[in-house]
Every structure is written in C-alpha cells, then in structure tokens.
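Mind looking over this structure? Questions follow.
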Amino acid sequence: MSTIIEVSNLSFSYPTEEGKAAHRVLHDIDLKIEEGEFVAILGHNGCGKSTLAKHFNGILKADRGSVHVLGMDAGDEENLLEIRRNVGMVFQNPDNQIIATVVDEDVAFALENLGIPHDEMARRVDEALELVGLSEYRQRAPHMLSGGQKQRVAIAGILAMRPKCIILDEPTAMLDPKGRKEVMKTILRLNREEHITVVLITHYMDEAVQADRVIVMAEGEMILDDTPREVFQNVGLLHSLSLDVPQTAELMFALRQEDIKVPISVLNVDECVAEIEKLLGGGEND
Amino acid sequence: MIKTEHLSHFYSVGTPFETVAIEDINLHIKKGEYVGVIGHTGSGKSTLIAHFNAILKPTSGKIFIDGKDLWSEDKKQRIQTRFDVGLVFQYPEHQLFEETVYKDIAFGPKNMGLSEEEIHRRVEKAMRFVGLSESVLEKSPFDLSGGQKRRVAIAGVMALEPKVLILDEPAAGLDPMGRDEILGRIREYHQETGSTVLLVSHSMEDVSKNADSILVMNRGRCQMHASVPEVFERADELEKMGLDVPRITRVFFALQDKGYPVSRNVFTVEQGKAEITRLLKEGGKNHA
C-alpha cells in the first residue's frame with residue numbers, strides 16, 4: 001500500500017487586502033492518506049476543510065510546510081498536471097461543473113484535453129458512465145438531469161481519467177435524499193470495488209459513518225482523526241463544534257446523561273435496537 | 001387558506017417534450033398550519049408551490065387563496081395574492097440586487113405602495129425575525145457572508161408580511177449550525193405571527209421537528225397530506241418513493257415489531273429518551 005497524500009506541517013492563509021492582517025485558515029496540519037482509504041472530513045463552515053482539500057490536488061499552494069501527492073511535491077508547478085490526473089475533485093454545486101451540452105461529451109472533456117486517442121476515449125467514457133450508472137443517459141442534455149445525476153456525471157468525468165483518488169467537497173449538500181443515496185452508493189462502490197481512494201467532505205453524519213476514517217476539523221486544526229465508531233463517541237465535543245451526531249449515537253448519549261448504562265459506540269439502527277433490548281431485557285446490563 | 005381542485009400543470013404543452021409536472025392535486029391547507037412539503041427532485045413540489053402565488057398558471061384545475069379563485073377575471077386579486085403569499089426560492093441569496101441591505105429588504109414593501117414609515121417598521125421587524133443586526137443595514141448585501149445573505153433574502157419576503165410564507169429549502173447548503181438557526185427563526189415567525197408556513201425540505205428530520213403536517217409529493221401527485229405521525233406510519237411507502245423516516249423513528253418501529261410496548265410516534269432524540277426512561281420505570285414497577 002502506498003501513500004496517496006502526505007501533508008506535513010501545512011499552514012495556509014488567504015491573501016488579504018493590503019494593510020490587513022492575514023487570516024490563517026490552516027495551522028500546522030500533519031496528515032497521511034493511504035491508497036484505498038475512505039476518509040471523511042467533518043467540520044462547520046469556515047473550519048478550513050475545503051481549504052485543506054484544495055491542497056490535495058494543487059489548487060492551493062502551501063504557505064508553509066509541504067503537500068506530497070503520490071510522492072510528488074504539490075508546490076511544484078511541473079507536477080500539477082500529473083497530480084490532477086490522479087487526484088480529481090468534485091464540488092458542491094453540480095451546475096458549476098458541467099461544461100458540455102451532451103453527457104458523454106462532458107465526461108470526455110478532460111480526456112480530450114489530455115489528447116487521449118478517440119477509441120480509447122470512447123471506451124473510457126463508456127466505462128465511467130457504467131460505473132456511475134448513467135449509461136442510458138449518455139446522449140442526454142446535462143441540464144435536463146437531476147442534481148444527483150449531474151453529480152454522477154461530474155464524478156464520471158473524473159473517473160474517465162482513471163484517477164487514484166477522488167476528493168468530493170460536500171457533493172450531496174444540494175441533493176435530495178434519493179440523489180444523496182445514489183451519489184453515496186457510487187462513492188462506496190468506487191472505493192470498495194475499484195479501490196479508488198476517497199476523501200469526502202460532508203456535513204451529513206450518516207455519510208461519514210460509512211467511511212473507514214473520520215477527521216474532524218475546527219478553526220484550521222485537526223481535532224479528531226479516528227474510526228467513525230471512536231469519533232462519534234465524542235458527542236459533547238461534536239456538539240460544541242456545532243456538528244451533528246447520528247440520532248442513534250445521540251440517543252445513547254442522552255440516556256447516559258440520565259445515568260442509564262448504555263454503550264456510546266452505537267452507529268446504526270440495528271445496533272441501537274440491540275442495545276435498547278439489552279437494557280429493557282435487564283439481562284446483560286448492570 | 002390554500003385550496004386546490006384538480007390542479008394540473010403540464011410543461012411544453014403541444015410539443016413532443018410535453019411532460020406532466022403535477023396532476024390532479026386536491027389540497028386543503030388550513031390557516032396557521034405549518035406544512036412540511038417533501039418529495040424527491042422532480043416530484044413536482046416546486047411546480048406546485050409556484051402556483052400558490054400565481055407564478056405559474058394551471059393547465060387545468062383551480063386554486064383558491066383565502067376562498068378566492070386565483071385565476072378568476074379579477075386581475076387585481078392576483079396581484080394582491082403575490083403580496084399575500086410570500087415565496088422564498090431556493091438559494092434566495094442569488095436574487096439580492098440592491099445597493100444596501102435596507103433597500104433590498106424594503107423593495108417588496110415599496111412595491112406595495114406603503115408609506116416610508118410603514119416600510120421602515122416592516123424592515124426592522126423582518127430583520128429581527130431573521131436575526132440580522134442594525135449594523136448591516138447600510139452595507140452592501142454582497143459584502144455579507146453566505147448565511148447572512150440568505151437571511152437578508154428571507155427578510156425581504158417576510159417584510160411583505162404575507163399571510164402565507166413558502167420557503168423552498170431554506171437550509172440547503174448550510175452547515176448544521178446555520179440550518180438550526182434559520183429553521184428556528186422560521187418557527188418563531190410562525191408562532192408569533194400565526195401565519196401559514198410551507199417548508200419545502202428534503203430532510204424528514206427537519207420537517208418532523210417543525211411542521212404540523214406533511215405533504216408528500218411523488219411523480220407529480222400529492223401522495224399524502226396528513227399529520228407527522230400519520231405520514232411516518234407509512235414508512236414503507238415513503239421508502240419506495242426514495243424518502244426516509246428519521247433514524248430514531250426506525251429504532252422505535254423495530255422495537256415495537258419485536259414486541260416492546262413503545263410508542264411509534266418518536267421523531268426526535270428527546271422523545272426517544274423520554275420513551276425509554278418511561279419504559280425503564282414501568283419495568284422497575286413490574287419487577288417490584
């Protein structure tokens with residue numbers, strides 16, 4: 001297994017108007033993302049999570065410290081093309097990411113720029129549309145698609161480059177539950193079956209619990225970095241950062257505050273039901 | 001307050017692209033009701049609400065606002081309806097355009113032909129409802145943060161003091177803190193003014209926390225319009241439509257299916273906690 005992204009001692013401030021003190025958005029971030037991982041990043045607006053993600057494929061350049069992608073220095077302009085072929089990014093608003101007037105042309109856009117031969121391009125576009133489940137929409141106009149479908153077109157456009165890693169910055173924030181499920185299913189499939197490394201920035205806890213690893217950010221720093229089960233035990237801390245906690249974990253937390261002894265590491269409905277059964281059965285709890 | 005009879009709307013009528021957006025909608029929304037409007041994208045919810053303030057004209061069927069036929073010959077009536085039914089679109093901050101926050105919020109009331117004094121009163125009141133401070137009044141709305149811009153946009157509609165306030169996904173794209181804040185403000189507005197509120201949302205959790213009733217749209221039809229518990233009772237049907245019930249509700253459904261004497265009307269963590277502590281107490285009595 002190789003390291004996809006390695007961030008060491010990264011700090012970043014956005015340039016400000018003259019005379020004003022620069023506002024530092026990231027403070028001394030150290031982070032390693034290994035090939036095949038599915039990492040979710042949580043944090044409220046302005047915590048620096050998008051800024052961090054934009055360093056992963058060289059959209060932003062570190063003020064201090066370094067970012068290496070597949071061993072290449074992201075601060076070196078020479079490496080950017082190769083980095084962006086391997087690390088693609090999907091943004092929040094599906095409407096801002098579609099360029100062409102027909103779905104398959106949109107998916108082919110990056111390939112055309114890379115000078116991929118036509119036959120190869122057609123094959124990759126087919127494959128990418130298949131992976132996101134939109135093969136039958138290839139001749140449609142993107143603006144006639146739903147938000148979830150548009151996001152999947154955007155994902156397909158990246159997949160066509162056969163990247164090692166996809167970064168998604170709140171890809172489901174503007175979607176309905178059905179669109180969210182479609183996109184999440186697609187993301188999981190890419191990670192589990194195609195072994196593509198995934199970095200998912202999200203506000204939705206039910207999405208974060210599906211990751212292998214959850215990073216919580218606040219005020220430009222990484223506060224937590226662990227498995228979802230461990231991270232969502234910190235209900236009090238997550239509340240204080242105004243983040244949501246899955247309702248099931250929240251219920252366990254609320255019961256514990258009443259001195260009812262339940263474990264706090266409950267992530268899904270089934271586990272929650274099982275714990276309440278134990279509690280009511282009176283058998284295994286003390 | 002709002003009544004529809006066999007309301008239908010087709011897009012691109014007379015072309016090969018003719019599509020049914022909504023069909024045969026028969027609704028009755030009471031005065032002061034807080035309705036959550038749920039449905040996946042393309043289910044017709046935006047088309048439906050655009051009829052309530054006469055932005056769209058029905059292909060067939062009728063709409064009554066406060067008992068009056070919206071598309072009768074009386075054109076004045078229709079103009080009045082646009083003031084009586086305030087519609088906040090999705091991402092309303094994209095529609096800000098004035099030089100200052102004050103002017104932007106005052107735009108609607110000004111068009112109503114109100115006096116300066118009355119406009120001033122309404123702007124101030126609307127700002128209070130959305131939680132904007134006086135200090136931003138003379139700023140350009142474009143210098144504000146995303147969350148503040150959205151508040152300005154919502155205040156602009158509230159300043160019409162509409163009898164019906166319709167909001168299309170007012171929390172979309174906000175983080176949990178921003179979402180709770182906006183929804184809390186709308187709830188206060190509803191309680192204080194007693195106006196009818198329609199909240200279009202994708203989040204069952206948000207709707208169940210705020211609304212009295214839920215209107216479920218699916219494939220252009222109104223599939224359900226009933227109280228929150230009644231709608232969640234039909235969880236299986238909701239799932240087939242690509243909709244969800246809150247997780248916590250699922251936990252209690254599962255417990256009841258397993259034979260525990262729990263209520264099925266649990267939509268929030270607080271309700272869940274109360275229900276379990278109640279059970280534990282009763283369990284204790286039985287043992288004693």
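The values are calculated or read from the model by the stated rules, or taken from the named source; none is laboratory data. All of these numbers come straight from a predicted model, not from anything done at the bench. Don't worry about glycine lacking a Cβ; one is built from the backbone with ideal geometry, like all the others, and counts go over all protein chains shown.
Being loosely packed, with under 15 Cβ neighbours inside 10 Å, under 26 Å from the mean Cα position of the chain (by Cα) and part of a loop (DSSP other than H, G, I, E, B) is the filter here, so list the residues in the range A:86-129 that pass it.
A:I99
Please state which one of A:V153, A:V132, A:V231 is away from chain B (no Cβ under 14 Å), over 14 Å from the mean Cα position of the chain (by Cα), over 28 Å from A:D104 (Cα atoms) and surrounded by 24 or more Cβ atoms within 10 Å (Cβ to Cβ). Don't jump to the end; show me each part of the working.
Details: A:V153 fails: over 28 Å from A:D104 (Cα atoms); A:V132 fails: over 28 Å from A:D104 (Cα atoms).
A:V231 is the lone residue from the list that is away from chain B (no Cβ under 14 Å), over 14 Å from the mean Cα position of the chain (by Cα), over 28 Å from A:D104 (Cα atoms) and surrounded by 24 or more Cβ atoms within 10 Å (Cβ to Cβ).
Among the candidates B:I166, B:I154, which residue alone is assigned to a helix (DSSP H, G or I) and among the β-branched types (V, I, T)? Explain how you work it out, then say what you get.
Numbers: B:I166 fails: assigned to a helix (DSSP H, G or I).
Among B:I166, B:I154, only B:I154 is assigned to a helix (DSSP H, G or I) and among the β-branched types (V, I, T).
A further question follows. Would you confirm whether or not the range B:261-273 contains a residue that is of a type outside the set (A, V, I, L, M, F, W, C) and at positive phi? It would help to see each step written out before you state the result.
Pass one, the range B:261-273, residues of a type outside the set (A, V, I, L, M, F, W, C): B:261, B:263-265, B:268, B:270-273.
Add one more test, that the residue is at positive phi, and what stays is none.
No: the range B:261-273 contains no residue that is of a type outside the set (A, V, I, L, M, F, W, C) and at positive phi.
For the structure I just gave you, tell me whether A:L251 is without any contact (Cβ under 8 Å) to a residue 24 or more places away in the chain and either of a type in the set (S, T, Y) or within 14 Å of chain B (Cβ to nearest Cβ) (or both). Walk me through how you get there before you give the answer.
Working: without any contact (Cβ under 8 Å) to a residue 24 or more places away in the chain: yes; either of a type in the set (S, T, Y) or within 14 Å of chain B (Cβ to nearest Cβ) (or both): yes.
Yes: the conditions hold for A:L251.
Condition first: at the interface with chain A (Cβ under 8 Å from one of its Cβ atoms) and touching a residue at least 40 places away in the same chain (Cβ under 8 Å). Now tell me which residues in the range B:170-196 satisfy that.
B:A172, B:G173
Taking the range B:1-18 as the region of interest, how many residues are more than 26 Å from B:P162 (Cα to Cα), surrounded by 12 or more Cβ atoms within 10 Å (Cβ to Cβ) and hydroxyl-bearing (S, T, Y)? Break it down stepwise before answering.
The first filter runs over the range B:1-18 and keeps only residues more than 26 Å from B:P162 (Cα to Cα), leaving B:10-18.
With the extra rule that they be surrounded by 12 or more Cβ atoms within 10 Å (Cβ to Cβ), the set shrinks to B:10-11.
Next, from what is left, pick out any that are hydroxyl-bearing (S, T, Y): B:11.
The total comes to 1.
Out of the residues in the range B:232-288 meeting the condition of being closer than 26 Å to A:D244 by Cβ, small (G, A, S) and not in a helix (DSSP H, G or I), tell me which one is nearest to the chain's Cα centre (by Cα).
Within the range B:232-288, the match that is nearest to the chain's Cα centre (by Cα) is B:G242.
Only one residue in A:I158, A:I187 is more than 14 Å from every other protein chain (Cβ to nearest Cβ) and within 13 Å of the chain's Cα centre (by Cα), so which one is that?
Numbers: A:I158 fails: within 13 Å of the chain's Cα centre (by Cα).
None of the others qualify; the one that does is A:I187.
Could you tell me which residue of the range B:29-46 is modelled with the lowest pLDDT, considering only residues that are within 14 Å of chain A (Cβ to nearest Cβ) and in a strand (DSSP E or B)?
Keep residues of the range B:29-46 that are within 14 Å of chain A (Cβ to nearest Cβ), which gives B:36-46.
Among the residues that remain, those that are also in a strand (DSSP E or B) are: B:36-38.
Working: B:G36: 96, B:V37: 95, B:I38: 92.
Ranking the qualifying residues of the range B:29-46, first place goes to B:I38.
Can you pull out the residues in the range A:210-228 that are crowded, with 20+ Cβ neighbours inside 10 Å, more than 26 Å from A:M161 (Cβ to Cβ) and among the β-branched types (V, I, T)?
Those that are crowded, with 20+ Cβ neighbours inside 10 Å, more than 26 Å from A:M161 (Cβ to Cβ) and among the β-branched types (V, I, T): A:V214, A:V216.
Here are some residues: B:V251, B:V245. Which one is of a type in the set (V, I, T), more than 10 Å from chain A (Cβ to nearest Cβ) and surrounded by 19 or more Cβ atoms within 10 Å (Cβ to Cβ)?
On the way: B:V251 fails: more than 10 Å from chain A (Cβ to nearest Cβ).
None of the others qualify; the one that does is B:V245.
Which of the numbered conditions does B:E233 fail, given that it passes all the others? Conditions: (1) away from chain A (no Cβ under 11 Å); (2) within 23 Å of A:E277 (Cβ to Cβ); (3) in contact with an Asp or Glu (Cβ under 7 Å, 6 or more places away or on another chain).
(3)
Determine whether the range B:151-166 contains at least one residue that is away from chain A (no Cβ under 13 Å), under 27 Å from B:E98 (Cα atoms), of a type in the set (K, R) and surrounded by 21 or more Cβ atoms within 10 Å (Cβ to Cβ). Don't jump to the end; show me each part of the working.
Taking the range B:151-166 as the starting set, the residues that turn out to be away from chain A (no Cβ under 13 Å) are B:151-166.
The next check asks that each one be under 27 Å from B:E98 (Cα atoms); those that pass are B:151-166.
Checking the rest, the ones that are also of a type in the set (K, R) come to B:151, B:163.
Adding the requirement that they be surrounded by 21 or more Cβ atoms within 10 Å (Cβ to Cβ) leaves B:151.
Yes - at least one qualifying residue is present in the range B:151-166.
State all residues of the range B:172-182 that are under 25 Å from B:Y102 (Cβ atoms) and within 13 Å of the chain's Cα centre (by Cα); if no residue qualifies, say none.
Residues of the range B:172-182 under 25 Å from B:Y102 (Cβ atoms): B:174, B:178, B:181-182.
Answer for the range B:172-182, where residues must be under 25 Å from B:Y102 (Cβ atoms) and within 13 Å of the chain's Cα centre (by Cα): just B:I182.
Now for a separate question. Within the set of pairs 6+ apart or on separate chains, which have a first residue in the range A:210-224 that is touching a residue at least 60 places away in the same chain (Cβ under 8 Å) and farther than 14 Å from A:N234 by Cα, a second that is part of a strand (DSSP E or B) and of a type in the set (G, A, S), and C-beta atoms under 6 Å apart?
A:A211/A:A40
Look at the range A:84-132 and say how many of its residues are among the aromatic types (F, W, Y) and either touching a residue at least 60 places away in the same chain (Cβ under 8 Å) or over 23 Å from A:T172 (Cα atoms) (or both).
Here is the first cut: in the range A:84-132, the ones among the aromatic types (F, W, Y) are A:91, A:109.
Right, trim to either touching a residue at least 60 places away in the same chain (Cβ under 8 Å) or over 23 Å from A:T172 (Cα atoms) (or both) and you get A:91.
Residues that pass the stated criteria total 1.
How many residues does the range B:175-194 contain that are assigned to a loop (DSSP other than H, G, I, E, B) and either surrounded by fewer than 21 Cβ atoms within 10 Å (Cβ to Cβ) or outside the structural domain of B:V152 (by TED's automatic domain parsing) (or both)? It would help to see each step written out before you state the result.
Initial filter on the range B:175-194 (assigned to a loop (DSSP other than H, G, I, E, B)): B:175, B:194.
The next check asks that each one be either surrounded by fewer than 21 Cβ atoms within 10 Å (Cβ to Cβ) or outside the structural domain of B:V152 (by TED's automatic domain parsing) (or both); those that pass are B:194.
Result for the range B:175-194: 1.
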